[in-house]
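Let me begin by presenting the structure, written as structure tokens, before commenting on it.
The values are calculated or read from the model by the stated rules, or taken from the named source; none is laboratory data. If you're wondering where the values come from, they're calculated on a predicted model, not measured in any experiment. Positions of Cβ are generated from backbone atoms using ideal geometry, with glycine treated the same way; all protein chains shown enter the neighbour counts. These accessible areas exclude ligands, DNA and RNA; they are computed on the full protein's heavy atoms, side chains included. Shrake-Rupley method; radii C 1.70, N 1.55, O 1.52, S 1.80 Å.
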Amino acid sequence: LLSVNLFGEGRMMYGRFSDTTAALMAKMKDHMHRNFLVDDYNPTTNSDEKSKMGKNRSLLIRCYGDTKSSDKLSPNRQDVVSEPICGALWMTGENDDFQTFSESLRVVVVHIERGTIDSKKLALVSANKTLLSRYFAEFVKWLSLNYEAVVANIRSQKEIKRNEWQARLGMEAGRFVDAATVLDLLNSIIWHAAGGAGVPNIEAEEANGRQ
């Protein structure tokens, strides 16, 4: 609903882990260049339902993590996704019991404790159709102004970070060390952008709304 309000989409841009795999793949194709929310990973004690949700989540993580669909065909023998995935996958759920180490390195997990979300600010973002787009625009602007510094930092920190993750994960981790290194460097970029970009101030927006 938040996405619909922000971008004015006529269709809901979300699925559920309880959907059939075919339905999720079809929705993924519709939203492969945008934000795609898959809601409510909450496996029950029913082993069949738990297995279905787990398989759906694993498939989605691998598709977005590899930016391409797996080698699967739809019932009419057409590839469900025929071009690289450029969008982002957002998932909600009550646990993050990833089935493999590989899956855990393809996602960024944010734990949200009860009572830590300011519902008033969330309502403000939902009602303001341009606020989120402005955040994106300011990040792009910050990145363009600091491009050389960002590239220089990546070059100077890449091997340092890689050695740190190699020590943490061990030699047997193989290519996962590179994935962890990339996530670490991206986290640093986003962290610095949030501190240095002229992002919209939610408190100021809220005050303007009261006037």
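Brief remarks follow.
- Extension gain for Ser51 to Arg34 (0.36 nm times residue separation, less C-alpha to C-alpha distance): 3.4 nm.
- Built amide H within the under 5 Å cut-off of Arg16, gap 5+: Asp39
- Computed with every protein chain present, the accessible area of Glu113 is close to 120 Å² [probe 1.4 Å].
- In the range 84-133, the convex hull through the Cα atoms has an average projected area of 5.5 nm², a quarter of its surface area.
- Simple spin-label estimate for Thr67 and Asp97 in nanometres, 7 Å along Cα-Cβ: 3.3 nm
- Nonlocal amide H pairs with Asn128, under 5 Å, H built at 1.01 Å: none
- Given Lys121/Lys158; Lys52/Lys120; Lys29/Lys52; Lys29/Lys158, the pairs whose alpha carbons are separated by over 28 Å: Lys121/Lys158; Lys52/Lys120; Lys29/Lys158
- Extension gain for Lys158-Leu131 works out to 6.4 nm (0.36 nm per residue, less the C-alpha to C-alpha distance).
- Calculated FRET efficiency for the pair Gln166/Val107, C-beta based, R₀ 22 Å, to 0.05: 0.60
- A 1.4 Å probe over all protein chains sorts Arg57, Arg155, Arg106 by accessible area into Arg155, Arg106, Arg57, starting with the largest.
- Amide H contacts for Trp90 (H built 1.01 Å from N in the peptide plane; partners 5 or more residues away or on another chain; cut-off under 5 Å): Phe36, Leu37, Val38.
- Rounded to the nearest 10 Å², the accessible area of Thr44 at probe 1.4 Å: 70 Å²
- Estimated at the nearest 10 Å², the accessible area of Lys68 is 120 Å² with a 1.4 Å probe.
- Projected over every direction and averaged, the convex hull enclosing the alpha-carbon atoms of the range 36-188 yields 13.3 nm².
- Charge dipole (Cα centre; +1 on Lys/Arg Cβ, -1 on Asp/Glu Cβ; no other charges) of the range 88-161 amounts to roughly 400 debye.
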